[in-house]
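Have a look at the structure below before the remarks.
The values are calculated or read from the model by the stated rules, or taken from the named source; none is laboratory data. Quantities reported herein were computed from a predicted structural model and do not represent experimental measurements. Neighbour counts are summed over all protein chains in view; Cβ atoms, including those assigned to glycine, are modelled from backbone coordinates with ideal geometry.
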Amino acid sequence: MSILEIAVFLVTFAFFVLKIYELIERKIYRIIPFVGVVLIVLNLIIDGYRWQMVPIYGLSLIIATLSAISILYKPIFEFKEVKKSWEIISRISIGLMFLLTLAIPALLPVNDLPKPSGPYDVGTTSYRLVDNSREEKFTEDKNDVREFLVSVWYPADVEKEDKVKTYWDEDNIIGKSFSKNAGLGTFFFSHLSLVKTNSYIDARVSEDKESYPVIIYSHGFNGLNTDNTMLFESLASKGYIVFGINHTYESVGSLFPNGEFIPSDFEYLFESYDSNSKEELILLDAYTEAGDVDVKKDIINQLMTFDNQLTEMVSIRTADAIFLLNEMHSINSEYPIMNSKLDLSNIGMIGYSLGGATTQEVCVSDIRIKACINIDGWPYGELFNTENTINTPYLFIGSETHSDMDKMINSYVYDKLENDAYMIAIKGTEHPNFIDFPYLIKVFGYIGFWGPIDSEILHNIDNDFVLGFFNIYLKNEDVDLEKIANKYNEVTFISKHILD
């Protein structure tokens, strides 16, 4: 809370205490509520509005109104019954005030991101990439070409004047869009614009090494390229440069460096998501009735490819990643900040949910990717679900498997991996656990929106496996992932080494 927010709370609290216990003269404590109103106005002007303060604002204004009435209509408040009612209202109100002012910050706190443990400070920047060879599929204008945002996290040499980045933009453009898409007005997630990261805007890339391995990230369906900032900062602090793709129109929104904002095409996305629901139900029923493993895997293959709109979405995402790969040489030598620090001979890719499917498609189609990680994504996409296999070292990080289909899909993927392959399942997790939100907005965990695992434990597990895996295949370090698995009771681990 800011100083003015604390002052509003203390003035309101002081009024109730002084009124109930009659510690000062009436004419003095009647003035106090108007001091509170002045503080509210100053708070709104200097600090800006955030909705978590609405209850205390409302209570303060009610008190000020009642005080004004008591001053203007003093005789009314001289009646014994009115005095008694006022005291009852005061006692109830002070209790409600405490509940509201304590509960709301506790349930929706402004938690700054945990500091990464690596030796490097972290810088961040962003670029707008334009692919003139591709028509934009999400707009009706045939002259529109594909363009998308990439955000970058990297080892940095930070200077005093460098500014720390907030989790979402300070103007709350992303917060409003996210809240609106979630059906929670335009304000619910606004406090994430106050959360401080550990990344410094446009800081210089660290001169400690000649170059650093590169990792590309693809976000989940209707997500954001900042959804795993905690992981990105950890990787950057350990000597990696992470490029997060924001897939335009299919993310919550893209806020470009020049301030232009392109929101998601929310209606199209969910129309696409549900467009083949009947066919999907038929296939799911067929899977339930099937007894033969090969028949089940064939049905899974159909489930992953029958939805043309979803397949096209994955195809667009895949093309975004490949275009970014094609632009890496230009980014390395011509774009601001990077200054030839990209090690383009060691590139990995990681994706969450539909971004995991995107990662698999890129790994099938582009040999520049030396290692790939799928975080709890089903294998949608036409490339992987043909006769193609993944010949790149592969790590799957998955939620706790509950259904036969989950296990069969994992088996289906595992059979198509033709290089070193690892799969872990983490007890106590559900699909939404694998982004920053369980750390930032714990209240949703209380209502079962994600699994019960502690967010900091899961963050440590993710960090250890992601870093260990990329250290093996992008830095040629000797890391035993099974040994890492043995540190955690929550982890189930399997592996195969095709080339041994």
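Please pick out the residue among Val413, Val479, Val466 that is part of a helix (DSSP H, G or I), modelled with pLDDT of 95 or more, among the β-branched types (Val, Ile, Thr) and in the same structural domain as Glu289 (by TED's automatic domain parsing). It would help to see each step written out before you state the result.
Details: Val413 fails: modelled with pLDDT of 95 or more; Val479 fails: part of a helix (DSSP H, G or I).
Residue meeting the stated conditions: Val466.
Please specify each residue of segment 385-394 satisfying the condition of being free of Cβ contacts under 8 Å to residues at least 60 places away in the same chain, in a loop (DSSP other than H, G, I, E, B) and buried (at least 23 other Cβ atoms within 10 Å of the Cβ). Quick ask: steps written out before the conclusion?
First, the residues of segment 385-394 that are free of Cβ contacts under 8 Å to residues at least 60 places away in the same chain: 386-392, 394.
Pick out the ones that are also in a loop (DSSP other than H, G, I, E, B) and you get 386-389, 391-392.
Listed by number, the list holds a single entry, Thr392.
Could you grab me the full set of residues in segment 334-352 that are at pLDDT below 95 and either among the β-branched types (Val, Ile, Thr) or within 22 Å of the chain's Cα centre (by Cα) (or both)?
Passing the criteria: only Ile337.
Can you confirm whether Tyr380 is in contact with a helix residue (DSSP H, G or I) (Cβ under 7 Å, 6 or more places away or on another chain), in a loop (DSSP other than H, G, I, E, B), assigned by TED's automatic domain parsing to the domain that holds Leu474 and not acidic (Asp, Glu)?
On the way: in contact with a helix residue (DSSP H, G or I) (Cβ under 7 Å, 6 or more places away or on another chain): yes; in a loop (DSSP other than H, G, I, E, B): yes; assigned by TED's automatic domain parsing to the domain that holds Leu474: yes; not acidic (Asp, Glu): yes.
The answer is yes for Tyr380.
Scanning for something at pLDDT below 95 and in contact with a Pro (Cβ under 8 Å, 6 or more places away or on another chain), does segment 299-306 turn up at least one residue?
Quick first cut of segment 299-306, residues at pLDDT below 95 only: 299-306.
Next, from what is left, pick out any that are in contact with a Pro (Cβ under 8 Å, 6 or more places away or on another chain): 304.
Within segment 299-306, one or more residues are at pLDDT below 95 and in contact with a Pro (Cβ under 8 Å, 6 or more places away or on another chain).
Quick one: in segment 211-225, of everything that is touching an Asp or Glu at 6+ places or on another chain (Cβ under 8 Å) and assigned to a loop (DSSP other than H, G, I, E, B), which residue is nearest to Ile337 (Cα to Cα)?
Step by step, filter segment 211-225, then rank; the result is Ser211.
Condition check ((1) touching a strand residue (DSSP E or B) at 6+ places or on another chain (Cβ under 8 Å); (2) buried (at least 21 other Cβ atoms within 10 Å of the Cβ); (3) of a type in the set (A, V, I, L, M, F, W, C)) across all residues:
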site: Phe396; (1), (2), (3): yes, yes, yes
site: His402; (1), (2), (3): no, no, no
site: Asn410; (1), (2), (3): yes, no, no
site: Gly428; (1), (2), (3): no, no, no
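In segment 325-355, which residues are more than 15 Å from Asp202 (Cα to Cα), part of a helix (DSSP H, G or I) and either in contact (Cβ under 8 Å) with a residue 40 or more places away in the chain or β-branched (Val, Ile, Thr) (or both)?
Listed by number, the residues that qualify are Leu325, Glu327, Met328, Leu354, Gly355.
Please indicate, with yes or no, whether at least one residue in segment 128-143 is assigned to a loop (DSSP other than H, G, I, E, B), among the β-branched types (Val, Ile, Thr) and touching a residue at least 40 places away in the same chain (Cβ under 8 Å).
Of segment 128-143, the ones assigned to a loop (DSSP other than H, G, I, E, B) are 136-143.
Retained after the next criterion (residues that are among the β-branched types (Val, Ile, Thr)): 139.
From the residues that got through so far, the ones that are touching a residue at least 40 places away in the same chain (Cβ under 8 Å) too are 139.
Scanning segment 128-143 turns up at least one residue that is assigned to a loop (DSSP other than H, G, I, E, B), among the β-branched types (Val, Ile, Thr) and touching a residue at least 40 places away in the same chain (Cβ under 8 Å).
So which of Thr358, Thr318 is modelled with pLDDT of 95 or more, under 16 Å from Asn225 (Cα atoms), hydroxyl-bearing (Ser, Thr, Tyr) and in contact with a Lys or Arg (Cβ under 9 Å, 6 or more places away or on another chain)? Let's see the steps before the verdict.
Working: Thr318 fails: in contact with a Lys or Arg (Cβ under 9 Å, 6 or more places away or on another chain).
Criteria check complete, one pass: Thr358.
Residues of segment 434-447 being among the hydrophobic types (A, V, I, L, M, F, W, C), surrounded by fewer than 16 Cβ atoms within 10 Å (Cβ to Cβ) and not in a loop (DSSP other than H, G, I, E, B), which ones?
Initial filter on segment 434-447 (among the hydrophobic types (A, V, I, L, M, F, W, C)): 434-435, 437, 440-441, 443-444, 447.
Cutting the leftovers down to surrounded by fewer than 16 Cβ atoms within 10 Å (Cβ to Cβ) gives us 443-444, 447.
Once the filter is applied, which keeps residues that are among the hydrophobic types (A, V, I, L, M, F, W, C), surrounded by fewer than 16 Cβ atoms within 10 Å (Cβ to Cβ) and not in a loop (DSSP other than H, G, I, E, B), segment 434-447 yields Val443, Phe444.
Tell me which residues, restricted to segment 282-302, are within 16 Å of Glu387 (Cα to Cα) and either outside the structural domain of Asn385 (by TED's automatic domain parsing) or in contact (Cβ under 8 Å) with a residue 40 or more places away in the chain (or both). Don't jump to the end; show me each part of the working.
To start, the set of residues in segment 282-302 that are within 16 Å of Glu387 (Cα to Cα) comprises 294, 297-302.
Selection gives Lys297, Ile300, Asn301.
Do we have any residue at all in segment 415-423 that's of a type in the set (Phe, Trp, Tyr) and over 15 Å from Ala357 (Cβ atoms)? Spell out how you get there, then give the answer.
Here is the first cut: in segment 415-423, the ones of a type in the set (Phe, Trp, Tyr) are 422.
Filter again for over 15 Å from Ala357 (Cβ atoms), leaving 422.
Among the residues of segment 415-423, at least one is of a type in the set (Phe, Trp, Tyr) and over 15 Å from Ala357 (Cβ atoms), which makes the answer yes.
Looking at segment 180-210 only, could you name the residues that are outside any loop (DSSP other than H, G, I, E, B) and modelled with pLDDT of 85 or more?
Step one: list which residues in segment 180-210 are outside any loop (DSSP other than H, G, I, E, B), which gives 180-181, 190-193, 196-201, 204-205.
Passing the criteria: Leu192, Ser193, Lys196, Thr197, Asn198, Ser199, Tyr200, Ile201, Arg204, Val205.
How many of the residues making up segment 291-308 are surrounded by 14 or more Cβ atoms within 10 Å (Cβ to Cβ), assigned to a helix (DSSP H, G or I) and not hydrophobic (A, V, I, L, M, F, W, C)?
Of segment 291-308, the ones surrounded by 14 or more Cβ atoms within 10 Å (Cβ to Cβ) are 296-307.
From what's left, assigned to a helix (DSSP H, G or I): 296-303.
Now restrict to residues that are not hydrophobic (A, V, I, L, M, F, W, C): 296-298, 301-302.
Counting residues in segment 291-308 that are surrounded by 14 or more Cβ atoms within 10 Å (Cβ to Cβ), assigned to a helix (DSSP H, G or I) and not hydrophobic (A, V, I, L, M, F, W, C) gives 5.
Table: residues versus (1) in a helix (DSSP H, G or I); (2) in contact with a strand residue (DSSP E or B) (Cβ under 7 Å, 6 or more places away or on another chain).
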{"residue": "Pro432", "(1), (2)": "yes, no"}
{"residue": "Phe449", "(1), (2)": "no, no"}
{"residue": "Glu456", "(1), (2)": "yes, no"}
{"residue": "Ile461", "(1), (2)": "yes, yes"}
{"residue": "Asn471", "(1), (2)": "yes, no"}
{"residue": "Ile484", "(1), (2)": "yes, no"}
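Out of the residues in segment 55-70 that are at pLDDT 70 or above and touching a Phe, Trp or Tyr at 6+ places or on another chain (Cβ under 9 Å), which is farthest from Leu194 (Cα to Cα)? Give the steps one after another, and end with the answer.
Within segment 55-70, the first condition is being at pLDDT 70 or above, and the residues that meet it are 55-69.
Next cut, touching a Phe, Trp or Tyr at 6+ places or on another chain (Cβ under 9 Å) only: 56, 60, 63-64, 66-69.
On the way: Ile56: 19, Ser60: 24, Ile63: 29, Ala64: 29, Leu66: 34, Ser67: 34, Ala68: 35, Ile69: 38 Å.
Top of the filtered list is Ile69.
When the residues of segment 243-266 are filtered to those that are of a type in the set (Phe, Trp, Tyr) and assigned to a strand (DSSP E or B), which remaining residue is farthest from Asn332 (Cα to Cα)?
At the first step, the residues of segment 243-266 found to be of a type in the set (Phe, Trp, Tyr) are 243, 249, 256, 261, 266.
Narrowing the set further to residues that are assigned to a strand (DSSP E or B) leaves 243, 261.
Values: Phe243: 12, Phe261: 26 Å.
Step by step, filter segment 243-266, then rank; the result is Phe261.
Could you grab me the full set of residues in segment 464-483 that are within 25 Å of the chain's Cα centre (by Cα) and not charged (D, E, K, R)? Steps first, please.
The first filter runs over segment 464-483 and keeps only residues within 25 Å of the chain's Cα centre (by Cα), leaving 464-471.
Within segment 464-483, Phe465, Val466, Leu467, Gly468, Phe469, Phe470, Asn471 qualify.
Tally up the residues in segment 137-170 that are modelled with pLDDT of 95 or more, under 25 Å from the mean Cα position of the chain (by Cα) and charged (D, E, K, R), please.
5
Among the residues in segment 176-198, are any without any contact (Cβ under 8 Å) to a residue 60 or more places away in the chain and aliphatic (A, V, I, L, M)?
Yes: one or more hits.
Please work out which residue is surrounded by the most Cβ atoms within 10 Å (Cβ to Cβ), limiting yourself to segment 199-228 and to residues that are within 27 Å of Glu456 (Cβ to Cβ) and without any contact (Cβ under 8 Å) to a residue 60 or more places away in the chain.
If we take residues in segment 199-228 being within 27 Å of Glu456 (Cβ to Cβ) and without any contact (Cβ under 8 Å) to a residue 60 or more places away in the chain, then Leu224 is surrounded by the most Cβ atoms within 10 Å (Cβ to Cβ).
From the list Met230, Met313, exactly one residue is in a helix (DSSP H, G or I), at pLDDT below 95 and closer than 30 Å to Leu474 by Cβ. Which is it? Talk me through it step by step, then tell me what you get.
Details: Met230 fails: at pLDDT below 95.
Answer to the check: Met313.
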